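Down below is the structure, laid out as C-alpha cells.
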Amino acid sequence: MVFQGSQSEVAAAPYLSGDNGNNFGNNPSTGQDNSPYLVAGAGGAGNTITFNFSQGQMYLGLLWGSVDNSNVLKFYDGSTYIGEVTGSELNSITKNSDNQGLNGTVYANINSDTAFNRVVAIGNSPSFEFDNMAFSQHNVDIPEPGVLGLLGLGLLLMSLTPSNRRNSMSNSMIA
C-alpha cells in the first residue's frame, strides 16, 4: 500500500533527519516524511511487498520507519532463499524498538555476499513502513560515523601541522 502522512493504528510516516536523509536530495527537512511511502501489512491489508530485479543486486538501502520487531526483509535469488534482516535485529543495534518518532526511523544499508534478484518486505502487525529505497549491483562502502569523525580529525590535524611549522620557522628566523 502507498501512504502519505500517518494514520493511527495503520501506518506511521518515517522521519527524516540529517542522520538518515543526507543522501536524498537537497538537505531534506527534519520531520515526518511528507512524500508517499510504502507500507506492508497496514490495517489488515496484504502483509508483503515484493521487489523483483531483472539483474542480481548486492546492496539494498531503505529508510525504515518505526522499526517493529516483527518487520522482515527476505532476500532471494530466484526461488532460493539467501537470508533476511529483521526489525528485531535492527533494534538490537539501534535500541529504538517500535518508536514512531524521529528516533524510530533508521536508514538501513544492507550489503550481501550473494547476489539477490528478489526482496520481500513482510509487515506482520504492526505494519512495515519504508521509503527512499536504493539498490546496486555492487556492494556499497558505507562509512561508519566513527570513521567519518576520525577522518575529519585527521584532516583537521593535517591542515594545522604545516601552518604550525611555518610559524615556528618564521619565529626562529626573526630571533
Study note, to complete from the structure: Accessible-area order for Asp77, Asp141, largest to smallest, probe 1.4 angstrom, reads Asp141, Asp77
Review point. At a probe radius of 1.4 Å, what is the per-residue accessible area of Phe75, in Å² to the nearest 10?
Key: 10 Å²
Study note, to complete from the structure: The extension gain from Val2 to Asn139, computed as 0.36 nm times the residue separation minus the Cα-Cα distance, is 46.5 nm
Point to revise | Inter-site label distance for Ser88 and Thr114 at 7 Å from Cα along Cβ, in nm | key: 2.1 nm
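The values are calculated or read from the model by the stated rules, or taken from the named source; none is laboratory data. All values reported here derive from a predicted model rather than from experimental measurement. Counting neighbours? That spans all protein chains shown, and the Cβs are built from the backbone with ideal geometry, glycine included. These area figures cover heavy atoms from the full protein model, side chains too; ligands, DNA and RNA do not enter into them. Shrake-Rupley method; radii C 1.70, N 1.55, O 1.52, S 1.80 Å.
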